Structure formats: structure tokens, C-alpha cells
Amino acid sequence: MQTNTNPIPNDEKKLVSIILPAYNEAIILSKSVETICQYIQNLTQYHWEILIVNDGSKDNTGAIANELAQKYPIIRVLHHVVNLNLGNALKTGFANSKGDYVVTLDIDLSYSVEHIGMLLDTIETTCSDMVLASPYMKGGKVTAVPFFRKVMSRMVNKLMGFAAQEKYHTFTSMVRAYKGDFIRSLNLKTKNFEISPEIIYKAMILRARIIEIPAHLDWSFQNKSGRMSGLRVFQEIFSSLMASFIFRPYIYFIGAGAFLFFVFLYVLTWIIINVYKIYPTIVVSSSYFDDRFSMAVAKVFSQRPHAFFIGGFLLIVALQFLSMGFLSLQNKRYFEESFHINTSILKKIKN
């Protein structure tokens, strides 16, 4: 990775780092960065640095970014030699940022530059560790997003909210503000779109203060330019679905196990009812209950053997799922405890 550096201003104003991941964005990079620079020059209460992370682009993104860095002293450019995906681009930006606050923004400005000011105002006034821009909460707005993508995105975020058991409405958006020390202290692992829910998950483990504000997601430009391919949309949705698993994996296992167990109980109830109906008609030489009962069960089995096989199969699978659920719950608690301890140790070492 290659980089160019700029000095940090030395006064009481806080420094804000804006991180812009870019992969093959030569067409829009200059215009987007110019728009951001024009906006932040009015926010004189902060000092600024803009980190453009050129994630192994195959077009002229890197060269254009370098030209912008020559024009604007506040811009630094970080180059990945090859494409390492969004998660790694953000991690590179976080690691090289110097700001008291860190703002991440989509380079296509589908969330307008005004969100920068709103995010920073909120993170300062609420003393929060991170602020999420949410188009799906009350007061948020979505414009020109294709129907299928909008529906799937809402469903994925609702699923994550259910799994996380938190009141947040948007887990997948990258547009956020962080306290610099907080985001740089997180040990992040994912490489692609899943990094956004991963950050929330690990922030929840650390009991971080997370605030969500209404936002406006506008895809008017994307629809005109055709930038977002159907394959990429599907990849994002699939990655987000898989990411929802990290919050509480045991819910999925226990939920599936409980459903299968109730179906087993239905089959078992059917068998018991039929045995009860046939039991009085059974005539055996012995007067023992178990002999008549065994004959009744055998007769029901001869009439509906598939019910016994299906019931037994459902019971075995249900117990397997329930066992995996309890094991994943235990593993999750171990992971969260160790992550909390390791993060605390890392902070003390850095301090």
C-alpha cells in the first residue's frame, strides 16, 4: 500500500477524517470530492482530512485521486495494489486516519454531503461513540431505489434488528460517524459489505453508545448511470443476510429446532389419538395393559408406517438443531467475553 501524508493542525479545533473507499470510480471521483470540499469549507469549527482509499482500481481512479491530493492539501490517498473489497478499504482508512472523529461516506454521494454535518452535530451533542445514518427510521427517506432492492434491504435490516434484539433500523449503511479512538480500537475481520453490521455487533459487545439519525438515501444518479449492477445488489443482500447470523446465531438454530419439534409433537399426537381409538378393539389372550397397547401401536404402524418414520426423523433433527443452538449460545458468550477483555487490554497497552 502506498500513501502520501499531511501534517495535523495544532490548535483546539477537532480534526475530522472523511474516508472515501473508491473502486473504479474515475467517472465520478472528481465531482464527488469537489462537492465534499465545497461543503466542508463552511464547517469552520473543524479541521479536515479526506482519505481516498483507491482499492486496486483498474481505471484512472488512482491517478485522479493523486491529482486531487495535489490540488487539496487536506486529501491523502491510500492505494491498494489489488482490489481487497470494501471491508479492507475501510479498515485501511480507519488505521491511517488521525481524526478525533471519523466519517465514512459513499463516493457516489447517494447520501448527500449534508449528512456529514448532521452526523458530526449528533456525535458531539450526544457524546456517542458512533452515529448511524438511517433512511428506514421515522423521518428517513428513500428516493429512486428500485423496488426489489428497497424491499430486500428493508427485510434484511429488519432481520438484523430481530437477531440483534436492538431498536436500530439500519445495519447495512456505510454512512456513519465514529469517535476516532473508538473505531481505531476495534479489531475488525470481515473483508466486504459485512463490515458494517460487524462494527455494530462489536460496538454492542463493548457497550458503546450508538445513536441513529434519519437520513435520505437518493439513488437518482445510480439509476441514470447504471452504476449498480444486479449481481452486485444480489451480493450485497446475500452478504447482509449472512452477516445477520453473527448477532445471535443460536436464534436460528433454536428457532428451527423448536419448529421441527412442534411438527414432531403434531405427528406424535396423531399417533396417540389413533392408538387410543384402536385400543378398545384389540383382543388378546393376556389381560395386561402393555400387551394390548403394543398390539394397538403395531396396528397403527401397519396402517401408517410413514408417520412413525417421519416423526422419528423430525425428533432427531430437532434435537440436533436445539443442541447446536445451545452450543452456539455458549460459544457466543465465550467470544464476547474474550473480545471485551482483549479490547480492554489493547487500549491499556496503547495508552
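Tabulated data for the structure shown
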{"quantity": "Residues with amide H under 5 Å from that of Glu212, placed H, sequence gap 5 or more", "calculated": "Leu132"}
{"quantity": "Lys71-Phe262 FRET efficiency (beta carbon distance; Förster radius 56 Å; 0.05 resolution)", "calculated": "0.30"}
{"quantity": "Distance between modelled label sites at Lys31 and Phe339, nm, 7 Å Cα→Cβ extension", "calculated": "3.9 nm"}
{"quantity": "Residue pairs, from the table Lys158/Lys191; Lys91/Lys141; Lys191/Lys332, whose Cα atoms sit over 25 Å apart", "calculated": "Lys91/Lys141"}
{"quantity": "Principal-axis tilt of helix 230-243 within the chain, Cα atoms, nearest 10 degrees", "calculated": "60 degrees"}
{"quantity": "Degrees, to the nearest 10: 147-164 long Cα axis against longest axis of the chain", "calculated": "70 degrees"}
{"quantity": "Acute angle (nearest 10 degrees) that the helix 61-71 long axis makes with the longest principal axis of the chain, alpha-carbon atoms", "calculated": "40 degrees"}
{"quantity": "Debye, to nearest 20: dipole size of the chain, +1 on Lys, Arg Cβ, -1 on Asp, Glu Cβ", "calculated": "740 debye"}
{"quantity": "Taking Arg292, Arg304, Arg76, Arg176 and counting other C-beta atoms within 10 Å, the order from fewest to most", "calculated": "Arg304, Arg292, Arg76, Arg176"}
{"quantity": "Descending semi-axes in Å of the chain, equivalent ellipsoid built from Cα gyration tensor", "calculated": "56, 22, 17"}
{"quantity": "Interchain or long-range residues, amide H under 5 Å from Arg176's placed H", "calculated": "Thr104"}
{"quantity": "In nm, spacing of pseudo-spin labels at Lys58 and Val81 (7 Å Cα→C-beta vector)", "calculated": "1.9 nm"}
{"quantity": "Relative contact order [Cα under 8 Å, 6+ residues apart], the chain, whole percent", "calculated": "16 percent"}
{"quantity": "Sites Gln320 and Phe245, calculated FRET efficiency, Cβ-Cβ separation with R0 22 Å, nearest 0.05", "calculated": "0.80"}
{"quantity": "Estimated dipole of the range 116-226 in Debye, rounded to 20 [Cβ of Lys and Arg +1, of Asp and Glu -1, Cα centre]", "calculated": "320 debye"}
{"quantity": "Isotropically averaged projected area of the range 250-350, using the convex hull of Cα atoms (one quarter of hull area), nm²", "calculated": "8.6 nm²"}
{"quantity": "Calculated FRET efficiency for the pair Leu43/Gln165, C-beta based, R₀ 25 Å, to 0.05", "calculated": "0.10"}
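Where a number appears in this text, it was derived from the coordinates with a stated rule and is not lab data. Since the model is a prediction, treat every value here as computed from it, not as a measurement. Cβ atoms come from the backbone with ideal geometry, glycine included; neighbour counts cover every protein chain shown.
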